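The values are calculated or read from the model by the stated rules, or taken from the named source; none is laboratory data. Remember, predicted model here, so these are calculated numbers, not experimental data. Because the Cβ atoms are built from the backbone with ideal geometry, glycine has one as well, and the counts that use them run over all protein chains shown.
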Amino acid sequence: MLRSLNIRPRHLLYGAAVLVAIILSSCAPLPGEGWANLTVSGSHIYVAYQEYVFRVDTSQGGIPNLDWVAKAQNNAHMYAVPAVAANGNVYVGAYDKQIYAFSPYAIPREQNISSWAPPVANDKYNGGALINDALGVLYVGHSDKGVYAYDLATGAQKAVFDGTRFGVWATPVLDAETNTLYVGSVDHYIYALNAETLELKWETQLTGSIYGTPLLANGTLYIGTFDGHLYSVNAETGEIKNDLKTDGGVWATPVLENDLLYFGDLKGTLFAVNPADLSVKYRVADDQSFGSIRGSVALATDQEGDRIVLVGSENKSLRAYRASDLSYKWGQQTEDRILSDLIVIGDDVIFTTMSNNQLLTGYNYNTRNRSWNIAKPTEDDLKRTASIRVEPPTPTVSGATATPEVTAEATPEATAAVTAEATEAATATAAATSEATPAQ
């Protein structure tokens with residue numbers, strides 16, 4: 001389906017309105033800033049926040065080991081979800097309009113990959129990159145408009161789709177079987193592109209801006225919009241199948257398990273819906289002012305045998321609901337706001353907060369207490385980790401490369417074995433966290 005690329009005045013007005021709404025609704029915690037985002041690859045969690053991107057190893061349980069820290073040039077801030085390639089290289093876009101590429105396995109490890117010439121955009125990078133190891137390319141949306149494919153080794157541009165009316169903040173989704181890349185945009189459209197050439201296959205207009213990554217499952221895309229809708233769209237044709245009106249905007253990627261989609265909205269409402277027709281099976285309104293649910297939920301089975309939905313929210317709250325009916329099970333106050341996706345590794349639910357002291361945090365969902373936390377890295381951490389030599393493992397998950405179908409729990413490899421030596425700083429952190437706030 002082809003179309004004119006003219007930008008109509010109503011789109012300009014809407015785009016301005018969206019930016020104002022984002023600021024007023026605290027989508028940006030500080031003017032011009034963002035929050036820490038994370039991804040899992042094998043036994044490691046990668047986090048980008050402000051001038052640092054870092055990695056912790058979680059595989060032995062207990063206190064994760066901070067074993068790699070890198071820093072963007074000129075202290076440029078990075079808030080996009082890091083993308084991890086099959087060879088272990090880490091890619092993340094920054095607010096200085098560049099994409100950085102680091103290797104945790106090179107010495108010195110904090111420097112940009114020597115062969116990489118950082119692609120430069122017209123505006124800062126907000127969205128996460130997606131890696132296609134088979135083609136050797138990195139896909140990333142630009143904040144002004146368009147989607148680009150860059151060579152993984154050099155950063156050279158290989159293809160571009162510049163047909164979006166406004167910017168792309170969401171991480172794209174790849175269906176390798178059909179060679180299709182799916183991209184949501186601030187312009188209200190979801191696009192299907194040829195993964196090699198980025199030529200348009202189809203486009204579909206929705207009612208609101210798309211900031212979150214779509215879920216691709218069973219030939220259907222599930223997409224939330226900022227104006228408060230969850231859509232299901234036929235991945236082959238772009239036809240809208242169903243539309244659920246929510247209480248608030250939907251930023252997070254839904255999680256699919258046992259034929260139910262679980263997600264929250266920016267009004268703090270938690271949903272469990274039928275993926276076939278988007279009919280609501282269970283719904284929990286935010287009548288206790290827990291705050292916006294911006295990140296994806298996570299699912300786990302606790303020691304009592306209950307399958308639980310774990311939810312983080314903007315009002316410094318971590319909660320658990322029974323997956324069977326969304327009945328409330330427990331709640332816990334956290335030190336600061338939770339804006340990231342939640343992941344589960346072992347008995348811990350892990351997320352980032354807006355606190356520099358507890359930037360990456362793990363809570364034991366059985367004891368309902370904080371297990372550990374990692375503070376924002378320092379220059380000392382950068383120097384300490386720069387000379388550590390680590391053999392690259394065989395990756396099992398390539399950052400955002402895997403199609404986000406069922407993301408309730410981390411892979412079994414993520415619970416397999418960490419570096420036995422935890423740093424003195426991490427040990428001190430664990431001691432400081434041993435006294436946790438009682439569960440509500």
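Structure data summary
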{"quantity": "Single condition Asp336 does not satisfy, out of (1) part of a loop (DSSP other than H, G, I, E, B); (2) touching a residue at least 24 places away in the same chain (Cβ under 8 Å); (3) acidic (Asp, Glu)", "calculated": "(2)"}
{"quantity": "Test result for Ile240, surrounded by fewer than 24 Cβ atoms within 10 Å (Cβ to Cβ) and either within 16 Å of the chain's Cα centre (by Cα) or over 23 Å from Gln205 (Cβ atoms) (or both)", "calculated": "no"}
{"quantity": "All positions within the stretch 168-184 that are of a type outside the set (A, V, I, L, M, F, W, C) and touching a strand residue (DSSP E or B) at 6+ places or on another chain (Cβ under 7 Å)", "calculated": "Thr171, Pro172, Asp175, Asn179, Thr180, Tyr182, Gly184"}
{"quantity": "Qualifying residues in the stretch 39-98 (those that are part of a loop (DSSP other than H, G, I, E, B) and over 21 Å from Leu130 (Cα atoms)) - the one nearest to the chain's Cα centre (by Cα)", "calculated": "Thr58"}
{"quantity": "Total residues in the stretch 143-163, condition on the phi < 0 side of the Ramachandran plot and in contact with a strand residue (DSSP E or B) (Cβ under 7 Å, 6 or more places away or on another chain)", "calculated": "13"}
{"quantity": "Some residue of the stretch 61-80 being of a type in the set (A, V, I, L, M, F, W, C), farther than 18 Å from Thr378 by Cβ, in contact with a Phe, Trp or Tyr (Cβ under 7 Å, 6 or more places away or on another chain) and in contact (Cβ under 8 Å) with a residue 24 or more places away in the chain", "calculated": "yes"}
{"quantity": "Those residues of the stretch 187-211 which are over 19 Å from Glu239 (Cα atoms) and of a type in the set (A, V, I, L, M, F, W, C), in sequence order", "calculated": "Ala195, Leu198"}
{"quantity": "Any hit, the stretch 96-110, residues being free of Cβ contacts under 8 Å to residues at least 12 places away in the same chain and over 30 Å from Asp347 (Cβ atoms)", "calculated": "yes"}
{"quantity": "Matching residues, the stretch 184-211, being of a type outside the set (Ser, Thr, Tyr), in contact with a Ser or Thr (Cβ under 8 Å, 6 or more places away or on another chain), closer than 16 Å to Val140 by Cβ and assigned to a loop (DSSP other than H, G, I, E, B)", "calculated": "Val186, Ala195, Ile210"}
{"quantity": "Qualifying position, being in contact (Cβ under 8 Å) with a residue 12 or more places away in the chain, in contact with a helix residue (DSSP H, G or I) (Cβ under 8 Å, 6 or more places away or on another chain) and either closer than 18 Å to Gly127 by Cβ or surrounded by fewer than 24 Cβ atoms within 10 Å (Cβ to Cβ) (or both), among Asp187, Asp162, Asp175", "calculated": "Asp187"}
{"quantity": "Any hit, the stretch 364-383, residues being in a loop (DSSP other than H, G, I, E, B) and crowded, with 23+ Cβ neighbours inside 10 Å", "calculated": "yes"}
{"quantity": "Residue in the stretch 277-286 that is among the basic types (Lys, Arg), more than 23 Å from Ile338 (Cα to Cα), in contact with a strand residue (DSSP E or B) (Cβ under 7 Å, 6 or more places away or on another chain) and at pLDDT 95 or above present", "calculated": "yes"}
{"quantity": "Members of the stretch 280-301 found to be buried (at least 19 other Cβ atoms within 10 Å of the Cβ) and among the charged types (D, E, K, R), listed by number", "calculated": "Asp286, Arg294"}
{"quantity": "Conditions (1) surrounded by 15 or more Cβ atoms within 10 Å (Cβ to Cβ); (2) over 19 Å from the mean Cα position of the chain (by Cα); (3) within 20 Å of Leu256 (Cβ to Cβ); (4) not hydroxyl-bearing (Ser, Thr, Tyr): number failed by Asp277", "calculated": "(1)"}
{"quantity": "Test: Leu310 is touching a Ser or Thr at 6+ places or on another chain (Cβ under 7 Å) and among the aliphatic types (A, V, I, L, M)", "calculated": "no"}
{"quantity": "Flag if Tyr105 is closer than 30 Å to Ser371 by Cβ, of a type in the set (Phe, Trp, Tyr) and either surrounded by fewer than 23 Cβ atoms within 10 Å (Cβ to Cβ) or within 17 Å of the chain's Cα centre (by Cα) (or both)", "calculated": "yes"}
{"quantity": "Test for Tyr100: is it modelled with pLDDT of 90 or more, more than 21 Å from Asp341 (Cα to Cα) and hydroxyl-bearing (Ser, Thr, Tyr)", "calculated": "yes"}
{"quantity": "Residue in the stretch 335-357 that is farthest from the chain's Cα centre (by Cα), counting only those that are of a type outside the set (D, E, K, R), crowded, with 22+ Cβ neighbours inside 10 Å and over 19 Å from Pro254 (Cβ atoms)", "calculated": "Ile345"}
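Residue-by-condition table, conditions (1) closer than 30 Å to Pro377 by Cβ; (2) polar (S, T, N, Q):
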position	(1), (2)
Val284	no, no
Glu314	yes, no
Ser327	no, yes
Ile343	yes, no
Gly346	yes, no
Ile350	yes, no
